[in-house]
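Asks: Here it is, the structure in full.
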Amino acid sequence: MHFVAPSLLLGLLAAALPALIHRIGRRRARPIRFAAMELLLRAEREVSARRRLRDVLLLIVRTGLAMALPLAFARPFVEVKSDLPAVTGRSQSAVVVLDDSASMRRRGHDGTPFEVARARARAVIDHLSPDSEVALVLASEGATAPVAELSSDRARVLLALDAVPCSARRADFAAALRRATQILTGSPHGDRLIYAVTDLQATGWQEVSLPPAAAGGPELVILDVSGGAPWENRAIVGLAAEPAPEEGAQGIAVVAEIANFAAEPVHALGVTLALDGVEVARGFVDVPAHGHARKRFVHTIAGGGAHEADAVIDHDGFPLDDRRACLVEASRGLRVLIVDGDPRTVRTEDEVFFLEAALRAGGSGFSVITTLADDLGGRDLASFGAIFLANVNRPTPAVAAALVRYVEAGGGLFISVGDHIDTDAWNQELKKILPQPLGLKRTAAASPGAHPEGETVDLRPAERLAPIDRRHPLLSAFPAQGDGLSSARFFQFMLLTPLPDAPGRRVVLRYESGAPALVEAEIGRGRVLLLTTTVDREWTDLPIRPGFLPLVQEAARYLAGAPSGEATSAIAVGQKREIGLDADDRRIEIVRPNGDSRWLSPASHAGEARARRLVVFTETDEPGFYRVRAARGDGSVSDRPDAAFVVNLDVRESDPARLPDDKRPDRVATPALAGPAPQRRLELWHALGAAAIVLVLLESLLTLRFRRGRFKP
């Protein structure tokens, strides 16, 4: 046992005073020498026995009270083993980083890891020294900090901690630790620490770096609330719809991909498919250990429009990823017009050979018609969902006017360039709908086999694409690293004239040099995509890369505004969703999965009357279906099924792999983490104070009863 103020223990000498008082005040019986007093002596002996009992009780109570007070004032304590780090007792500036990512919502024997983490964070804050300052930061992607500055108001921080819910977002410790470091920059204390309370799931720890403590950076202390035990999980990591020609024009196939993150295989795992909330099919699937399996459901849709598809597997301890959703639609035979600007007699050398093959690979989902540039003027462009112009020399004024009307009315136009392009004619005739004016052709490297005999070999490396941004609906179906596109080489491409940033225009793909590869512009109610290279193998080998087919098919769907399951109608939790307004729309209402709704109005841009109006919805915090309604100019409110979307859990949160010990950023020897095993102080003076109060009450009660003569013979 230890004492904060041991000198006050001298007060224990007062414990002898009650014994002295009782000794001095003790009554002695007078001896009586005659026989008549025998009766009185007998009574005196009985009274003396009872009086001794009273005196002993009062002596014990008063002695205990005299001892309790100085012991309480000396503030005794004992040290016991603790699961908190020893550094919590130092005077410091601290930031508690609480992991509130989706994996913390799984169920365990002791509740969810988030409940354990919140209790551990509360214990850390409670055990900080009184002069320490603390802030609170959340580790989920895009989360705001509940207490974003150092505060000595402990009650305020604890209240904010209790109010934090566990999100469904993925963890992003790189951003959370950067923010914690910024908060500690202006700390008045010499000791600056970051306490990360987490289950140590490997997801979210990528690219985490902190300046070393020796260089003035904060010390990182990781508190693992998982107990070091791995957890197993099964999850639906993919859900997509595709046409099912064997079921007719209204047939669809919904394919669910199930992952098993366990060392044991799963047999006969139940999988259920629901459409618009009604169960339509159920099946079973075997999933190998640490492997994947696919379950394909075939169904016939009654009626047109998009339908809500929901796949569910038998629940485990983490039900959040046991369900996945997508929007599906029966094939409408999306009509696509391809304009061939460089036809060849050899089919494989034709400008649109690879483009046409990629679109026709979509089966009944696409109705592809190919024409020449000279025949474009006689076509009814409004009957096509998307038009592809491939290396077309120069549009006539009539064709240019028809294309402008087509796009402004809601059509989708895809433009690819090549050696036949007349840049001046395009910039003049189609400047209204070109995302950016065309510039000069740039040669990055010579095409393979393009060196005539006797010429110097061009050893310059070909251009490649920069990392993709999967937040764009056109690229959401691609892996995070852009597999299928990253391997493509670009030997020649066309530069674009720089323009100021404007609403409705953005670069979808870039080359590693920073030059635009694919640019999008929203014109009126339609969209235009401009590819700065060819769709054949003259300037690039993109058409023979795995990413070309999905890129072309998703571009057609995106331009036509057609739902395409996971690719264009689903986003991950926490991502924003852009919704375009029709000409008569005034406001947009988004209805969340729980029934709550939010009204949004478009931002006005002066001088941009022709720019497409958009609203940006950011409150995508829970998985499920998000429905969209629009308030019209006449006061009516109608559904916008074309704008509905799905929010799904980020598949990375389903992987229970733990961060390896050699990758933990806190595994650096620091003075704060050295020394004996962590212990915490257990204060005893509170109990002694309570005992003193009880003793005072007991002494008063005994004295009162004795005065009333309860113990008299």
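The values are calculated or read from the model by the stated rules, or taken from the named source; none is laboratory data. All values derive from a computational prediction rather than experimental measurement. Here Cβ is always computed from backbone atoms with ideal geometry, including for glycine, and neighbour counts include all displayed protein chains.
Asks: Test residue 456 against the criterion of being more than 25 Å from residue 582 (Cβ to Cβ), of a type outside the set (Lys, Arg) and modelled with pLDDT under 90, and give yes or no.
Replies: Details: more than 25 Å from residue 582 (Cβ to Cβ): yes; of a type outside the set (Lys, Arg): yes; modelled with pLDDT under 90: yes.
Considered against the rule, which asks whether it is more than 25 Å from residue 582 (Cβ to Cβ), of a type outside the set (Lys, Arg) and modelled with pLDDT under 90, residue 456 comes out as yes.
Asks: Of all residues in region 267-295, which are surrounded by 14 or more Cβ atoms within 10 Å (Cβ to Cβ) and closer than 17 Å to residue 309 by Cα?
Replies: Scanning region 267-295 gives 271, 272, 273, 274, 275, 280, 281, 283, 295.
Asks: Within region 266-274, can one find any residue that is in contact (Cβ under 8 Å) with a residue 24 or more places away in the chain and within 27 Å of residue 550 (Cα to Cα)?
Replies: First, the residues of region 266-274 that are in contact (Cβ under 8 Å) with a residue 24 or more places away in the chain: 266, 269-274.
Going one step further and asking which of them are within 27 Å of residue 550 (Cα to Cα), we end up with 273-274.
Within region 266-274, one or more residues are in contact (Cβ under 8 Å) with a residue 24 or more places away in the chain and within 27 Å of residue 550 (Cα to Cα).
Asks: Taking the residues in region 229-273 that are touching a Pro at 6+ places or on another chain (Cβ under 8 Å), of a type outside the set (Val, Ile, Thr) and assigned to a strand (DSSP E or B) as candidates, determine which candidate is modelled with the lowest pLDDT.
Replies: That would be 251.
Asks: Exactly one of (1) at pLDDT 90 or above; (2) more than 34 Å from the chain's Cα centre (by Cα) is unmet by residue 679. Its number?
Replies: The single condition residue 679 does not satisfy is (1).
Asks: Let me ask another. Looking at region 92-123 only, could you name the residues that are crowded, with 21+ Cβ neighbours inside 10 Å, hydrophobic (A, V, I, L, M, F, W, C) and touching a residue at least 60 places away in the same chain (Cβ under 8 Å)?
Replies: 94, 95, 96, 97, 98, 102, 104, 117, 121
Asks: Of the residues that make up region 119-133, is at least one of a type in the set (A, V, I, L, M), in contact with a Leu (Cβ under 9 Å, 6 or more places away or on another chain), farther than 21 Å from residue 208 by Cβ and in a strand (DSSP E or B)? Steps first, answer last, please.
Replies: Step one: list which residues in region 119-133 are of a type in the set (A, V, I, L, M), which gives 119, 121, 123-125, 128.
Okay, now just the ones that are also in contact with a Leu (Cβ under 9 Å, 6 or more places away or on another chain), so 121, 123-125.
Next, from what is left, pick out any that are farther than 21 Å from residue 208 by Cβ: 123, 125.
Then drop every residue that is not in a strand (DSSP E or B), which leaves none.
No, there is no match, as no residue in region 119-133 is of a type in the set (A, V, I, L, M), in contact with a Leu (Cβ under 9 Å, 6 or more places away or on another chain), farther than 21 Å from residue 208 by Cβ and in a strand (DSSP E or B).
Asks: Next question, about the same structure. Enumerate the strands (runs of 3 or more DSSP E) found wholly within region 624-671, keeping only those where 1 or more residues are closer than 20 Å to residue 167 by Cβ. So that I can check it myself, show each step before the final result.
Replies: On the way: elements: 624-632, 637-639, 645-648.
Answer list for region 624-671: 624-632, 645-648.
Asks: Does region 356-366 contain any residue that is of a type in the set (Phe, Trp, Tyr), modelled with pLDDT under 90 and surrounded by 13 or more Cβ atoms within 10 Å (Cβ to Cβ)? Give the derivation first.
Replies: Of all residues in region 356-366, those of a type in the set (Phe, Trp, Tyr) come to 366.
Still in the list and also modelled with pLDDT under 90: 366.
Remaining after also requiring surrounded by 13 or more Cβ atoms within 10 Å (Cβ to Cβ): 366.
Checking region 356-366: at least one residue is of a type in the set (Phe, Trp, Tyr), modelled with pLDDT under 90 and surrounded by 13 or more Cβ atoms within 10 Å (Cβ to Cβ).
Asks: Go through 685, 599 for me and flag whichever is modelled with pLDDT of 75 or more and farther than 30 Å from residue 313 by Cα. I'd like the intermediate steps shown before the answer.
Replies: Numbers: 685 fails: modelled with pLDDT of 75 or more.
Step by step, each of 685, 599 is checked, and only 599 is modelled with pLDDT of 75 or more and farther than 30 Å from residue 313 by Cα.
Asks: Here is a follow-up. Consider region 166-194. How many of its residues are over 13 Å from the mean Cα position of the chain (by Cα), within 29 Å of residue 102 (Cβ to Cβ) and outside any helix (DSSP H, G or I)?
Replies: 2
Asks: Check residue 500 against each of (1) modelled with pLDDT under 90; (2) buried (at least 17 other Cβ atoms within 10 Å of the Cβ) and name the one condition it does not meet.
Replies: Checking residue 500 against (1) modelled with pLDDT under 90; (2) buried (at least 17 other Cβ atoms within 10 Å of the Cβ), the one that fails is (2).
Asks: Shifting gears a bit: Give the number of residues within region 138-150 that are without any contact (Cβ under 8 Å) to a residue 60 or more places away in the chain and either surrounded by fewer than 24 Cβ atoms within 10 Å (Cβ to Cβ) or within 13 Å of residue 225 (Cα to Cα) (or both).
Replies: Step one: filter region 138-150 for residues without any contact (Cβ under 8 Å) to a residue 60 or more places away in the chain, giving 138, 143-150.
Narrowing the set further to residues that are either surrounded by fewer than 24 Cβ atoms within 10 Å (Cβ to Cβ) or within 13 Å of residue 225 (Cα to Cα) (or both) leaves 143-150.
Going through region 138-150 one residue at a time, the tally reaches 8.
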